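Worksheet: the structure to be examined is printed underneath.
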Amino acid sequence: MAIALVIAAHPDDNFLGSGCTRRKLTRQGWKIVELILWGGRGTAYDNAQDQFPLIETVKRIEEKLAEVSPERVYTHSASDLNVDHNICHKAVLAATRPMPKCCVKEIYCFETASSTEWNFTGNQFRPNVFEEITEEDLKYKLDMLEKLYASEMRNFPHPRSPKYLRACAERWGGVIGVPLAEAFELVRLIR
């Protein structure tokens, strides 16, 4: 069974960034494992992981990699405005260096609503891999966000609104000529 590891800074980020793709991969027989590095908004250390040595996070990720041996990893984009997301991204790249016997063959970065699009500097999210998704995949993502992370959801036009998240799926779908899609940045693909 193929294993994909979703590594996210905060509990809601995993569904915001790859919720539809997670459901699609599960239907295709993949095992999805997640590693949530820190608590969510309102916790003492939200957006404060730059106070701690990066190596601590790298070691946590390396331990999880050794435990589950995923061939694919999904994580935050380097474009995210949130400091914790950036640290997560850097730690994933350090932990998944392509050393001999490294199990990770694919690394994809997702966009995180209210972080990725709010970075107005030159470092923008530039997806180059798109997963066509179904209406049921999108419904699953929105339902999980509402069920598990209702306190993180907002009303439109906030990026964490169901309407905005649907618009993103429609936008990326339109980019590739299908009704709905999730977009990713490919960091590495080893074949």
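Listed by first and then second residue, the pairs linking a residue in region 51-65 that is at negative phi to a residue that is among the hydroxyl-bearing types (Ser, Thr, Tyr) and surrounded by fewer than 16 Cβ atoms within 10 Å (Cβ to Cβ), with Cβ atoms under 8 Å apart and 6 or more places separating them unless they lie on different chains, are Gln51/Tyr45. Candidates are the residues of region 128-186 that are in a helix (DSSP H, G or I) and hydroxyl-bearing (Ser, Thr, Tyr); the one that is farthest from the chain's Cα centre (by Cα) is Ser151.
Being surrounded by fewer than 14 Cβ atoms within 10 Å (Cβ to Cβ), of a type outside the set (Gly, Ala, Ser) and closer than 15 Å to Phe130 by Cβ is the filter here, so list the residues in region 153-175 that pass it. The answer is Arg171, Val175. Within region 85-127, being among the hydrophobic types (A, V, I, L, M, F, W, C), assigned to a loop (DSSP other than H, G, I, E, B) and buried (at least 17 other Cβ atoms within 10 Å of the Cβ) holds for Val104, Ala113, Phe125. Quick check on Ala78: is it outside any loop (DSSP other than H, G, I, E, B), small (Gly, Ala, Ser) and at pLDDT 90 or above? Here the answer is no, as Ala78 does not meet what is asked.
Annotation note: of Glu111, Glu135, Glu131, Glu117, the sole residue that is closer than 22 Å to Val175 by Cα, in contact with a Phe, Trp or Tyr (Cβ under 6 Å, 6 or more places away or on another chain) and acidic (Asp, Glu) is Glu111. Candidates in region 128-152 are the residues that are of a type in the set (Ser, Thr, Tyr) and buried (at least 17 other Cβ atoms within 10 Å of the Cβ); of these, the one that is modelled with the highest pLDDT is Tyr140.
Only residues that are modelled with pLDDT under 95, part of a loop (DSSP other than H, G, I, E, B) and out of contact with any strand residue (DSSP E or B) (no Cβ under 7 Å at 6 or more places or on another chain): list them for region 11-32, please. Result: Asp12, single match.
Residues in region 149-190 that are aliphatic (A, V, I, L, M) and in contact with a helix residue (DSSP H, G or I) (Cβ under 8 Å, 6 or more places away or on another chain): Met153, Leu165, Ala169, Leu180, Ala181, Ala183, Val187. State yes or no: is Phe125 under 15 Å from Thr21 (Cβ atoms) and out of contact with any Lys or Arg (no Cβ under 9 Å at 6 or more places or on another chain)? Here the answer is no, as Phe125 does not meet what is asked.
The values are calculated or read from the model by the stated rules, or taken from the named source; none is laboratory data. The structure displayed is predicted, hence computed values, not measured ones. All Cβ positions, even for glycine, are placed from backbone atoms using ideal geometry, and neighbour counts span all protein chains on display.
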